[in-house]
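Below is one structure, written out as structure tokens; comments come after it.
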Amino acid sequence: MGERVHKSMLNAEVNLLFYFLSLFLTFFSRKIFLDNLGAEFIGLTGTLNNILGYLNLSELGISAAIGYFLFKPLQQKNRQETQEILSLLGYLYRWIGLIILAGAVVVSLFFPLIFNEAGLGLGIIYFAFYSFLGSSLIGYFINYRQILLSADQKNYLVAIYYQSANLTKLALQIFLAYHFKNLYVWVAVELIFSIVACIILNWKINREYPWLKVDKRQGRQLLKKYPEVLRKTRQVFIHKIKDFVLVKSDELFIFLFVSLKMVAYYGNYIIIISKLISMFAAVTGSVGASVGNLVAEGNKEKMMKVFWEYTTIQHTIAATLTFSLYCFIEPFISHWLGAEYIMDHRILVLLMVYIYITNSRNSVDSFNYAHGLYADVWSAWAELIINVTVTIVCGLQWGIIGILLGKIASLVPIVVIWKPYYLFTSGFHLPATLYWRGVLRNYAISAFAFALALYVIRYVPIDPYESLWLWVCYCAVCMVVFLVIDLTATILFAKGAKDSLRRVGKIKKLKN
């Protein structure tokens with residue numbers, strides 16, 4: 001347990017460090033690139049990467065399925081099975097890479113039509129596209145072995161080497177853009193650093209696993225030996241496609257049912273929300289492989305103990321995230337862009353409901369993934385159908401409010417009700433009533449803390465709309481009020497809270 005906790009903490013610390021470094025450089029570089037390379041070129045890079053994103057859909061499911069199959073052999077130190085599974089991944093990724101390459105070549109034939117009014121020459125468009133494509137294909141043909149680091153709870157190594165190269169690349173691109181303003185040089189740096197990062201990461205993998213020998217030529221035979229891999233991949237693919245469509249559909253529906261202007265207004269909210277969620281994900285996202293390792297160990301008592309700790313932590317984070325955004329996002333937008341960019345307050349309320357559900361679900365999702373529970377493909381189709389149906393009906397009537405109602409309507413029966421039931425009955429092999437007895441406390445605590453904190457802060461004599469400094473002071477006071485209420489109630493009543501406190505003490509000892 002000590003090694004598992006240590007690796008989780010190390011992953012979290014490294015991810016958090018690189019999150020803040022990347023956040024600073026991203027905002028700083030955006031201004032430099034727009035001023036020196038032009039909005040058209042920055043728009044082009046975004047569009048080309050979106051095209052590659054759709055081509056990469058063919059991968060969805062393989063890495064998740066392979067990660068699941070690596071947990072057990074890594075826990076048992078079965079090197080032969082680990083090598084075979086990675087050889088199978090290399091074989092599958094080679095075919096995926098060839099499919100993406102073929103699709104990219106076909107799509108690129110239509111660039112003269114797609115970008116006929118882009119204001120940029122076809123030379124730079126093709127050079128940028130094939131450079132980005134080359135960077136992407138490196139992962140399929142060479143860099144696929146990094147999944148071993150993630151499954152072995154060593155994702156901090158990926159972050160250290162890959163993100164260090166990425167930050168160095170970004171800094172060099174800022175310098176070159178400012179001094180030379182050359183589009184070809186900027187793109188060339190992108191490709192060169194992808195190659196450099198690949199070389200460094202593979203060198204580190206060879207150092208960490210000197211025994212690792214991967215032979216992609218065995219792929220066809222290994223498919224017969226591990227037929228479960230393809231079955232799991234097909235199941236995961238359906239779930240991933242559903243997630244991709246639901247995440248990408250918001251702006252399309254807003255454009256169809258409301259206006260292009262409201263797409264931008266909604267996008268302002270999403271930028272802020274996504275950055276804050278990413279900060280929490282940098283910490284909590286590091287425990288996924290630890291959960292997989294725990295499940296592979298097979299100790300049910302320890303499994304349930306960790307599940308309740310993780311569930312309580314996720315609900316606490318979801319409540320904190322929701323309260324902070326609810327109280328602070330509107331005055332922040334007023335200072336950042338202007339009061340005219342603040343949308344209907346009902347949209348914010350529905351966004352907070354959606355955010356709470358999606359961020360409190362992580363513990364159930366992590367344990368479902370660790371158990372390989374993806375056979376419920378019907379639930380993915382059901383969630384997608386409910387979402388689209390309610391969105392169309394309500395979106396035509398109420399615009400963005402209706403679109404958000406569609407998202408929430410699909411989450412409640414599938415994510416809130418079905419997924420925990422599936423985990424407890426098919427993963428833990430326990431009655432689902434045990435889950436509801438524990439988790440209803442978390443929902444009650446979050447609602448109580450939210451309502452009481454909102455009542456208390458009505459008496460805070462600070463106007464967050466008056467100045468940015470007063471907004472900062474208001475944020476600090478409100479968060480102290482909320483955290484005192486929420487954490488006190490959590491420690492007193494939430495299942496797993498006291499175990500989490502004891503774990504914090506153990507972590508301190510480990511760090512010392």
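The values are calculated or read from the model by the stated rules, or taken from the named source; none is laboratory data. What you see is a predicted model; the values in this text were computed from it and never measured. Heads up, the Cβs are rebuilt from the backbone with ideal geometry, glycines too, and the neighbour counts pull from every protein chain shown. What goes into the accessible areas is simple: the full protein's heavy atoms, side chains included, and nothing from ligands, DNA or RNA. Shrake-Rupley method; radii C 1.70, N 1.55, O 1.52, S 1.80 Å.
On the stretch given as the stretch 421-467, residues that are small (Gly, Ala, Ser), without any contact (Cβ under 8 Å) to a residue 60 or more places away in the chain and assigned to a helix (DSSP H, G or I) total 4.
I'd like to know if the stretch 210-226 contains one or more residues that are under 24 Å from the mean Cα position of the chain (by Cα) and either buried (at least 18 other Cβ atoms within 10 Å of the Cβ) or not hydrophobic (A, V, I, L, M, F, W, C) (or both).
Of the residues in the stretch 210-226, the ones under 24 Å from the mean Cα position of the chain (by Cα) are none.
No, because not a single residue in the stretch 210-226 is under 24 Å from the mean Cα position of the chain (by Cα) and either buried (at least 18 other Cβ atoms within 10 Å of the Cβ) or not hydrophobic (A, V, I, L, M, F, W, C) (or both).
Could we say that residue 196 is open to solvent by 50 Å² or more (accessible area, probe 1.4 Å), farther than 20 Å from residue 85 by Cβ and out of contact with any helix residue (DSSP H, G or I) (no Cβ under 9 Å at 6 or more places or on another chain) here? For residue 196, the condition - open to solvent by 50 Å² or more (accessible area, probe 1.4 Å), farther than 20 Å from residue 85 by Cβ and out of contact with any helix residue (DSSP H, G or I) (no Cβ under 9 Å at 6 or more places or on another chain) - is not met. Determine, yes or no, whether residue 472 is of a type in the set (Val, Ile, Thr) and within 29 Å of the chain's Cα centre (by Cα). Here the answer is yes, as residue 472 does meet what is asked. Scanning the stretch 455-469 for residues that are within 31 Å of the chain's Cα centre (by Cα) and of a type in the set (Gly, Ala, Ser) gives no hits.
Scanning the stretch 457-505 for residues that are small (Gly, Ala, Ser) and closer than 24 Å to residue 444 by Cα, we see that the one that is surrounded by the most Cβ atoms within 10 Å (Cβ to Cβ) is 494. For the stretch 413-420, the criterion of being open to solvent by less than 10 Å² (accessible area, probe 1.4 Å) and in contact (Cβ under 8 Å) with a residue 60 or more places away in the chain is met by none of the residues.
If the condition is being over 25 Å from residue 309 (Cβ atoms) and within 18 Å of the chain's Cα centre (by Cα), then the stretch 320-351 contributes only 351.
For beta carbons closer than 6 Å, sequence separation of 6+ or different chains, a first residue in the stretch 205-222 that is over 19 Å from residue 91 (Cα atoms) and a second that is in a helix (DSSP H, G or I), the qualifying pairs are 211/79. Restricting attention to the stretch 102-122, the residues being free of Cβ contacts under 8 Å to residues at least 40 places away in the same chain and either over 30 Å from residue 223 (Cα atoms) or buried (at least 18 other Cβ atoms within 10 Å of the Cβ) (or both) number 11. So, residue 86, is that one open to solvent by less than 10 Å² (accessible area, probe 1.4 Å), aliphatic (A, V, I, L, M), in contact (Cβ under 8 Å) with a residue 12 or more places away in the chain and within 24 Å of residue 205 (Cα to Cα) or not? Considered against the rule, which asks whether it is open to solvent by less than 10 Å² (accessible area, probe 1.4 Å), aliphatic (A, V, I, L, M), in contact (Cβ under 8 Å) with a residue 12 or more places away in the chain and within 24 Å of residue 205 (Cα to Cα), residue 86 comes out as yes. Residue 125: touching a residue at least 12 places away in the same chain (Cβ under 8 Å), crowded, with 17+ Cβ neighbours inside 10 Å and under 25 Å from the mean Cα position of the chain (by Cα), yes or no? No, not satisfied.
Taking the criterion of being of a type in the set (A, V, I, L, M, F, W, C) and either modelled with pLDDT of 85 or more or part of a helix (DSSP H, G or I) (or both), the residues of the stretch 47-68 that qualify are 48, 51, 52, 55, 57, 62, 64, 65, 66.
Being out of contact with any Asp or Glu (no Cβ under 8 Å at 6 or more places or on another chain), assigned to a loop (DSSP other than H, G, I, E, B), on the phi < 0 side of the Ramachandran plot and surrounded by 14 or more Cβ atoms within 10 Å (Cβ to Cβ) is the requirement here; does residue 191 meet it? So residue 191 fails the test. Looking across the stretch 354-398 at every residue that is open to solvent by 30 Å² or more (accessible area, probe 1.4 Å), part of a helix (DSSP H, G or I) and closer than 15 Å to residue 421 by Cβ, the one that is modelled with the lowest pLDDT is identified as 371.
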